[in-house]
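K.L.:
Structure in structure tokens, see below.
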Amino acid sequence: MTGKVVLGIESSCDETGVGLVRVDNSGAVELLADEVASSVELHARYGGVVPEVASRAHLEAMVPTMHRALRTADLRLADVDAIAVTCGPGLAGALLVGVSAAKAYAAALDVPLYGVNHLAGHVAADTLEHGPLPKPCLALLVSGGHSQLLRVDELASKITEIGSTIDDAAGEAYDKVARLLDLPYPGGPPIDKAAREGDPRAIAFPRGMTGPRDAKFDFSFSGLKTAVARWVEARERSGEAVPVADVAASFQEAVADVLTAKAVRAAEELGIGTLVISGGVAANSRLSALAAERCAAAGIQLRVPRPRLCTDNGAMIAAVGAHLLLAGSAPSSLELSANPALPVHTISV
Amino acid sequence: MLVLALDTATPAVTAGVVTLDDEGPRLLAERVTVDAKAHGELLTPHLRDALAEAGAGMGDVDAIVCGVGPGPFTGLRAGMVTAAALADALEVPAYPVCSLDAIAADVPGEAPLLVVTDARRREVYWASYLAGNRVEGPRVQRPAELLAELGSVTRVAGGGVSLCEFPAAVEVVGTAQPSPVGLVRAAGSPVLEGAAPAPLTPLYLRRPDAVEPGARKRVSQA
């Protein structure tokens, strides 16, 4: 068997992920295992991720998830040639569990350790499904914690932020609007489902950061969330039933409209021919449909990994590790520590 | 046998290499840094460096002993997941030890002993011992409540002692944090016997700070 096996560990939020990939000298990265233990159900009653609850769950899940990944790949720890771990950005206490585990495994197995950026992982996720990325490409990362437009020149060494949210992440807005509509947490799937029965043009919710003086590639979802709340409250005051499907569809349309319009505009202005959309919100049906429509119209190639790879996982971190290995990047020291505010241009530490 | 001992339940990042035989545990090398923010960063390098000083490598380790608290949340988990991962990768058992027991194990004598560590938020973790055996605790309490409840105390140990206003007659003994030898001693005979270890379960003693949301806040004026 040729190639090197890279183990990836992810613990930046509420998913404990362990993934395994094999990379050969041609640069092909093969997915061998992708196991995730989620604590999302523990957070549901709080309406958001509780850091201490997430950190406790990571500690419990780490070794069992490791074993599941090794079983899936039919490998032993002794087969692992390098370890990559998310060292930021994310929740400090949650990151600490993954980083500490990765350091211990790396020291015990005497293999190189790479502390990597979670956001680079979301970009790398697409390489596991669609192969190497064209250089450069544009990435739209949308999740419960992040909303960013990135220019990716080299996955292992050069990622530049083009724009980001100035307040809430897109997924956060979904969670808050779901709560307004008495839909469950996390809000993405139930809003997506409700929206299918609704009219996306029923209510004209505002498109944040689209004025002539606004930063053209930044996002804002806080005002949208407040506009939805005001609209729902006005309905409730008047004693009328809230048309959940129409509100969900109109809200979702506003989110998808802004995200895709800005992404396509960025690709056009920067002369980039490929757009990758990743992160948990990439699984949203309206976002992917509108992105496909607008990318086709603009002649931009659209790549969206399957939903399982869009959400947080260890395989995407292993994929970053594989690219670092291929690029001959220097491994991290065993003094590696978590950095909750790791900037996106720092791909490895 | 060669035992790797570690604890992150106190502000100290404690790593040591201990040799254990019928005569009891003996320290070969240790690395200890007192910095409550450095558990994640320093623990694995400390373990590596202590092993190197002991003239050993990871492959020579026969067992791991890990303090499982009580400790204030985040740092505690750095030690516990390190112990779990090392045990998994090296295919050796990892034995859990109450970190207060490890402090008590370093204190000679049969007289009653109270071990107190800092739980932050103006509280302390504590346990009481008689003839080396834990008779009460571990618990988490405000120092004043602990003093009122305990009545007579003659000997105290642990880094939380300075947080309690003990009477002048109380004798301060032992160390502020668990030592590698104390950890191995507290783990007891199962280590030498190679018995199956108990699960590595953290002693948090507190529930997570999380409140379920109440009625949602309105954004518009009623």
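What follows is calculated from the coordinates using simple rules that are stated; it is not laboratory data. Quick caveat: nothing in here was measured; it's all calculated off a predicted structure. Neighbour counts run over all protein chains shown; Cβ positions are idealised from the backbone, glycine included.
K.L.:
Using +1 at the C-beta of Lys and Arg and -1 at the C-beta of Asp and Glu, which of A:Ser26, A:Val50, A:Ser12 has the Cα lying farthest in the positive direction of the dipole of region A:1-52?
P.N.:
A:Ser26
K.L.:
Could I ask something else about it? In deg cm²/dmol, rounded to 500, what helix-only [θ] at 222 nm does the protein assembly as shown give when every DSSP H run of at least 4 residues adds -39500 (n - 2.57) and the total is split over its residues?
P.N.:
Value at 222 nm, helices only, nearest 500: -11500 deg cm²/dmol.
K.L.:
Once the other residues with Cβ under 14 Å from the Cβ of A:His345 are scored (Lys, Arg +1; Asp, Glu -1), what is the net sum?
P.N.:
Local net charge: -1.
K.L.:
Could you run the Karplus curve 6.51 cos²θ - 1.76 cosθ + 1.60 with θ = phi - 60° over region B:100-116 and give me ³J(HN,Hα) per residue in whole Hz, x for Gly and Pro?
P.N.:
So the Karplus estimates, Gly and Pro as x, are 5, 4, 5, 5, 4, 5, 8, 9, x, x, 9, 5, x, 9, 10, 10, 10 Hz.
K.L.:
Another question, if that's okay. Suppose a student asked you for the relative contact order of region B:101-172, using Cα pairs under 8 Å spaced at least 6 residues apart; what percent would you report?
P.N.:
It rounds to 32 percent for region B:101-172.
K.L.:
Next up: Please report the antiparallel percentage of DSSP beta bridges with both residues in chain B, rounded to the nearest 5.
P.N.:
70
K.L.:
GNM, chain B, Cα, under 10 Å: largest mean-square fluctuation among B:Gly57, B:Gly24, B:Gly151?
P.N.:
B:Gly151
K.L.:
Among DSSP beta bridges lying fully in region B:101-172, give the percent that are antiparallel, nearest 5.
P.N.:
75
K.L.:
Kirkwood Rh and Cα-based Rg: tell me the resulting Rg over Rh for region A:101-154, rounded to two decimals.
P.N.:
With Rh from the inverse mean 1/r over Cα pairs, Rg/Rh is 1.09.
K.L.:
Relative to the longest principal axis of the C-alpha atoms of chain A, give the angle of the C-alpha long axis of helix A:118-130, reported between 0 and 90° and rounded to the nearest 10°.
P.N.:
It is inclined by approximately 80 degrees.
K.L.:
Using a cut-off of 13 Å between beta-carbons, work out the net charge of the residues near B:Ser179 (Lys and Arg +1, Asp and Glu -1, B:Ser179 not included).
P.N.:
Summing Lys and Arg as +1 and Asp and Glu as -1 gives -1.
K.L.:
Between region A:289-349 and region A:143-171, how many Å separate their Cα centres?
P.N.:
10
K.L.:
Just to be sure I understand: of the beta bridges DSSP finds with both ends in chain A, what percent are antiparallel, rounded to 5?
P.N.:
Beta bridges within chain A, antiparallel portion: roughly 65 percent.
K.L.:
Quick one: what are the phi-derived ³J(HN,Hα) couplings along region A:85-95, Karplus 6.51/-1.76/1.60 with θ = phi - 60°, whole Hz, x for glycine and proline?
P.N.:
Going residue by residue, I get 9, 5, 10, x, x, x, 7, 4, x, 6, 4 Hz, with x marking Gly and Pro.
K.L.:
Where Rh is the Kirkwood radius over the Cα pairs of region B:101-172, the temperature 4 °C and the viscosity 1.567 mPa s, what D in µm²/s does Stokes-Einstein return?
P.N.:
For the chosen part, D equals 109 µm²/s.
K.L.:
Another question, then. Could you tell me how far the Cα centroid of region A:262-280 sits from the Cα centroid of region A:78-106, in Å?
P.N.:
After rounding, the separation between the Cα centres reads 30 Å.
K.L.:
Find out how many positive minus negative residues lie around A:His67, taking Lys and Arg as positive, Asp and Glu as negative, among other residues whose Cβ is under 10 Å from that of A:His67.
P.N.:
Residues close to A:His67 contribute a combined charge of 0.
K.L.:
If I build a Gaussian network model for chain A, linking alpha-carbon pairs within less than 10 angstrom, which residue out of A:Ala256, A:Ala107, A:Ala33 has the largest mean-square fluctuation?
P.N.:
A:Ala107
K.L.:
Could you give log10 I(q)/I(0) at q = 0.09, 0.19 Å⁻¹ for region A:137-306, computed by the Debye formula over C-alpha point scatterers of equal weight, without solvent?
P.N.:
-0.29, -1.19
K.L.:
Pick from B:Glu149, B:Glu23, B:Glu41 the residue whose mean-square fluctuation is largest in a GNM of chain B, springs joining Cα atoms under 10 Å.
P.N.:
B:Glu23
K.L.:
Using alpha carbons only, how many angstrom separate the centre of region B:101-167 from the centre of region A:198-220?
P.N.:
Taking the Cα centre of each part, region B:101-167 and region A:198-220 sit 60 Å apart.
K.L.:
Report the semi-axes of the equivalent ellipsoid for region B:6-92 in whole Å, largest first, where each axis is √(5λ) for an eigenvalue λ of the Cα gyration tensor.
P.N.:
Semi-axes (√(5λ), whole Å): 21, 14, 13.
K.L.:
Still on this structure: Longest span of chain A, sites excluded, free of trypsin sites (Lys or Arg not before Pro) in DSSP loop with at most 11 other C-beta atoms within 10 Å?
P.N.:
Between exposed loop sites, the widest span is A:214-349.
K.L.:
Here is a further query. Rounded, prolate or oblate: which one fits chain B, using the alpha carbon gyration tensor with axes a ≥ b ≥ c (rounded when a/c is under 1.5, else prolate when a/b beats b/c, else oblate)?
P.N.:
In terms of gyration-tensor shape, oblate.
K.L.:
Further question on the same structure: Give the relative contact order (percent, whole number) for region A:137-306; include only Cα pairs under 8 Å separated by 6+ residues.
P.N.:
Reported as a whole number, the value is 26 percent.
K.L.:
What is chain A's relative contact order, in percent, from Cα pairs under 8 angstrom and six or more apart in sequence?
P.N.:
Here the relative contact order equals 26 percent.
K.L.:
Could you tell me which of rounded, prolate or oblate describes the protein assembly as shown, using a ≥ b ≥ c as the square roots of the eigenvalues of the alpha-carbon gyration tensor, with rounded for a/c under 1.5 and, failing that, prolate when a/b is larger than b/c and oblate otherwise?
P.N.:
oblate
K.L.:
Starting from the eigenvalues of the Cα gyration tensor, five times each then square-rooted, give me the equivalent ellipsoid semi-axes of region A:1-97, largest first, whole Å.
P.N.:
Each semi-axis is √(5λ); the values are 28, 13, 10 Å.
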